[in-house]
Amino acid sequence: MQNYKDLRVWVKSHELTLKIYSVTKNFPKEEIYSVTSQIRRASSSIPANIAEGCGKNTKNDFGKYLNIALGSANETEYFLLLAKDLGYLPIEDYLILEKNINEVKAMLILLIQKVRA
């Protein structure tokens, strides 16, 4: 359908994933297979599903993958909150990442609406 790298929402979600990988390097080592892994997988699922959806042949298929990406964005938002509440993520980092994930979610919602129209 289109090159996913041309979508602003893909760029923003990829940048968010890179930031999350960076901040989670400081999480406790005992969390490597738990919170660290889950937040990384959830965040990387956002741009991955956008990319996969761009490779599909129909708008309906693209829309399905955008919905999956939105679900992963919500999951990422929760894991950011959990990491903050567990004391793994400093409040300053949390506030920046929370703003970023909410921007990604808003962009996804707008793109989903556009694809469905």
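Each reported figure results from applying straightforward, stated rules to the coordinates on display, with no laboratory input. None of these values were measured; they are calculated from a predicted model. Here the Cβ is made from the backbone with ideal geometry for all residues, glycine too, and neighbour counts use every protein chain on show.
Odds and ends about this structure:
- When 72, 43 are arranged by Cβ crowding within 10 Å, least crowded first, meaning fewest neighbours, the order is 72, 43.
- Checking the cross-link pairs 64/99; 84/105; 5/56; 59/114; 25/84; 19/56 against a 18 Å limit on the alpha carbon distance flags 64/99; 84/105; 19/56 as lying beyond it.
- Residue order, fewest to most beta carbons within 10 Å, for 44, 22: 22, 44
- The chain: proportion of alpha-carbon pairs further apart than 20 angstrom, %: 38
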